[in-house]
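Undergrad: Below you'll find the structure I mean.
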Amino acid sequence: MNIVYRFANINDKDAKEIAYVGVKSWYDFYQNIMPYDYLKNRMDNLDIEEVKTKEFLENSNQYTKIVCEIDNKVVGFCYYMDSDNDKYKNHGYLQSLYLLKEYQGLGIGKQLFQKAVEGLIDKGYNKMYLECAVGNDVINFYKKYGGKVVDTTGYHINDFSIFVDIVVYDDLNKTLKLLSEV
């Protein structure tokens, strides 16, 4: 198995594979969080998600986009950036981290998380925040590496609402140390 971490490319292959990872991850892990019909509709209309992802890759220069490939197939990705939230303006922001279910347990999510933390440190941050859907078990992963839930907020999507926990890291160097110990 050949595992490669790299920056996402602005091309149809990456757009297609990143869209699939994002949509499939939601489908596999959010069925207790979001309506099944909404998740199934996204799976059934992957071509629409591919177009959106290609536009995002082309037009979202503020994000750093990293993918994990196994044998030339994207199986996970993360996006991070400077915070655009006034409440967390001195923090970096981990906007997303998704991994296909069948690749969990191999340390890939941890490596993507570490690359985002290192990238934010390189940008001058020692603090970071992220949002994790309430009910998503990955919250335990984020807490394991020093994240603390400080707030909960909601978003309206189509005809339903979703709530997310705001997870804050106050010392990214400490987070890196925890990542290397476990």
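The values are calculated or read from the model by the stated rules, or taken from the named source; none is laboratory data. Just so it is clear, the structure is predicted and the values come from calculations on it, not from any experiment. Quick reminder, even Gly has a Cβ in these numbers, built from the backbone with ideal geometry, and neighbours come from all protein chains shown.
Undergrad: Examine region 138-150 for a residue that is in contact with a strand residue (DSSP E or B) (Cβ under 9 Å, 6 or more places away or on another chain) and of a type in the set (S, T, N, Q), and state whether such a residue exists.
TA: no
Undergrad: For region 81-108, which positions are under 18 Å from I139 (Cβ atoms), in contact with a helix residue (DSSP H, G or I) (Cβ under 7 Å, 6 or more places away or on another chain) and buried (at least 18 other Cβ atoms within 10 Å of the Cβ)?
TA: L94, L97, Y98, L99
Undergrad: Among (1) in contact with a helix residue (DSSP H, G or I) (Cβ under 7 Å, 6 or more places away or on another chain); (2) modelled with pLDDT of 95 or more; (3) part of a loop (DSSP other than H, G, I, E, B), where does V23 come up short?
TA: Result: V23 passes all but (3).
Undergrad: Quick one: which of I70, I108, I139 is of a type outside the set (D, E, K, R), in contact (Cβ under 8 Å) with a residue 60 or more places away in the chain and under 28 Å from D170 (Cβ atoms)?
TA: One residue alone meets the criteria, I108.
Undergrad: Something else now. Select from region 87-104 the residues that are outside any loop (DSSP other than H, G, I, E, B), of a type outside the set (G, A, S) and in contact (Cβ under 8 Å) with a residue 60 or more places away in the chain and list them in ascending order.
TA: Passing the criteria: Y88, Y98, L99, K101.
Undergrad: Looking only at region 48-72, which residues are within 20 Å of G109 (Cβ to Cβ) and either under 15 Å from the mean Cα position of the chain (by Cα) or surrounded by 14 or more Cβ atoms within 10 Å (Cβ to Cβ) (or both)?
TA: T53, Y63, T64, K65, I66, V67, C68, E69, I70
Undergrad: Does region 19-28 include one or more residues that are more than 30 Å from I121 (Cα to Cα), surrounded by 13 or more Cβ atoms within 10 Å (Cβ to Cβ) and more than 18 Å from the chain's Cα centre (by Cα)?
TA: For region 19-28, residues more than 30 Å from I121 (Cα to Cα), surrounded by 13 or more Cβ atoms within 10 Å (Cβ to Cβ) and more than 18 Å from the chain's Cα centre (by Cα): absent.
Undergrad: Looking at D47, D37, D84 in this structure, which one is among the acidic types (D, E), out of contact with any strand residue (DSSP E or B) (no Cβ under 6 Å at 6 or more places or on another chain) and part of a loop (DSSP other than H, G, I, E, B)?
TA: Of D47, D37, D84, the one residue that is among the acidic types (D, E), out of contact with any strand residue (DSSP E or B) (no Cβ under 6 Å at 6 or more places or on another chain) and part of a loop (DSSP other than H, G, I, E, B) is D84.
Undergrad: Has region 105-121 got at least one residue that is under 27 Å from Y27 (Cα atoms), assigned to a strand (DSSP E or B) and at pLDDT 95 or above?
TA: Taking region 105-121 as the starting set, the residues that turn out to be under 27 Å from Y27 (Cα atoms) are 105-117.
From what is left, the residues that are assigned to a strand (DSSP E or B) are none.
For region 105-121, residues under 27 Å from Y27 (Cα atoms), assigned to a strand (DSSP E or B) and at pLDDT 95 or above: absent.
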